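The values are calculated or read from the model by the stated rules, or taken from the named source; none is laboratory data. Quick caveat, the model's predicted, so the values are computed rather than measured. For neighbour counting, all protein chains shown are included, and Cβ atoms are generated from backbone atoms with ideal geometry for every residue, glycine included. Side chains included, ligands, DNA and RNA excluded: accessible areas come from the protein's heavy atoms. Shrake-Rupley method; radii C 1.70, N 1.55, O 1.52, S 1.80 Å.
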Amino acid sequence: MNAVTPDLFESPVEFQGTVPIEPGAVLLRGFAGPHATTLHADLMRVVAEAPLRHLVTPGGFRMSVAMSNCGALGWVSDRRGYRYDAIDPDSGRPWPPLPASFMQLATQAAAAAGFEGFAPDACLINRYEPGTRLSLHQDRDERDLRQPIVSVSLGIPAVFLFGGAKRADTTQRIPLGHGDVVAWGGPARLHHHGVLPLKDAWHPFMGACRINLTFRKAR
Ligand code: MD3
Ligand code: FE
């Protein structure tokens with residue numbers, strides 16, 4: 001490698017093993033790294049069909065994270081509330097299908113974390129830019145809360161806040177980087193969580209951006 005123009009692609013992110021966070025929550029460091037190029041290409045096709053947009057909360061606040069979806073169902077928020085919907089409200093058409101690469105990764109990661117047979121029907125795509133955050137919340141709009149959620153991080157790093165069953169419970173901070181995958185189920189499924197404001201950073205092929213894919217079984 002030439003020291004003047006280091007080729008960042010010569011250091012591929014590899015799976016570095018499983019880190020238990022707490023019962024029901026498992027971090028798979030770098031698990032998506034080897035698939036990042038394919039995931040990114042499929043992601044570009046999805047967001048060309050269903051562009052990222054800033055949703056409005058039921059309280060009337062514009063979310064700083066830009067969102068889209070693929071799969072049979074997509075998570076949406078507006079003045080009427082939060083829900084899963086088969087139709088993209090911006091286009092009036094169904095959400096783009098889950099790419100095979102997304103489905104395979106989600107199922108394999110869930111199995112590696114101990115959740116066999118995970119078959120998501122929804123993938124929420126979150127795009128963070130420096131300064132963007134996601135405040136502490138629970139994911140409870142899915143029909144069967146015994147089903148896990150699988151999250152895939154791509155691009156610049158973020159600090160994930162992971163709390164407890166009650167909003168006021170203490171939180172732990174978990175740094176998440178490019179290629180990291182986390183599976184959340186069992187006793188961790190309804191725990192509060194969020195993302196601290198992202199610092200300025202640059203990733204070789206994602207630019208100044210973090211993409212998080214969260215796979216859910218909504219129905
Ligand atoms: C823990 N996304 O989309 S992923 C969300 O990084 C969301 O974009 C964050 O929270 C992000 O709802 C965090 C990790 C995650 C997702 C769902 C969970 C953690 C979870 C559900 C229960 C407990
Ligand atoms: Fe969440």
Worksheet item: For residue 194, what is the net charge nearby, where nearby means another residue's Cβ is under 15 Å from its Cβ and Lys, Arg count +1, Asp, Glu -1?
Response: +4
Worksheet entry | Over segment 107-197: Rg over Rh, Cα atoms, Kirkwood Rh | 0.94
Practice prompt. Please identify the longest segment of the chain free of exposed chymotrypsin sites (Phe, Trp or Tyr not before Pro), where exposed means a DSSP state other than H, G, I, E or B and no more than 12 other Cβ atoms within 10 Å.
Written response: 62-201
Practice prompt. Calculate the length of the line joining the C-alpha centroid of segment 151-169 to that of segment 20-61, in whole Å.
Written response: 13 Å
Item to complete: Any chance you could look up the accessible area of residue 139 with a 1.4 Å probe, heavy atoms only, rounded to 10 Å²?
Response: 20 Å²
Discussion item. Rounded to the nearest 10 Å², what accessible area does residue 14 have for a 1.4 Å probe in the complete protein model?
Written reply: 120 Å²
Worksheet item: How high is the relative contact order of the chain, in percent, with contacts defined as C-alpha pairs under 8 Å that are six or more residues apart?
Response: 24 percent
Item to complete: Starting from 0 in steps of 10 Å, tell me what percent of the Cα-Cα pairs of the chain lands in each bin.
Response: 8, 34, 40, 14, 3, 0
Item to complete: Quickly work out the residue 82-to-residue 159 label distance, labels modelled 7 Å from Cα along the C-beta direction, and quote it in nm with one decimal.
Response: 2.3 nm
Worksheet entry | Virtual spin-label span in nm between residue 44 and residue 116, 7 Å along Cα→Cβ | 3.9 nm
Worksheet item: Given the rule -39500 (n - 2.57) for each run of at least 4 DSSP H residues, summed and divided by the residues of the chain, what is its mean residue ellipticity at 222 nm, to the nearest 500 deg cm²/dmol?
Response: -4000 deg cm²/dmol
Worksheet item: For the chain, modelled as a GNM with alpha-carbon contacts under 10 angstrom, which of 70, 209, 123 fluctuates the most?
Response: 209
Fill in: Unit charges on C-beta of K, R, D, E only; dipole of segment 17-216, Debye
440 debye
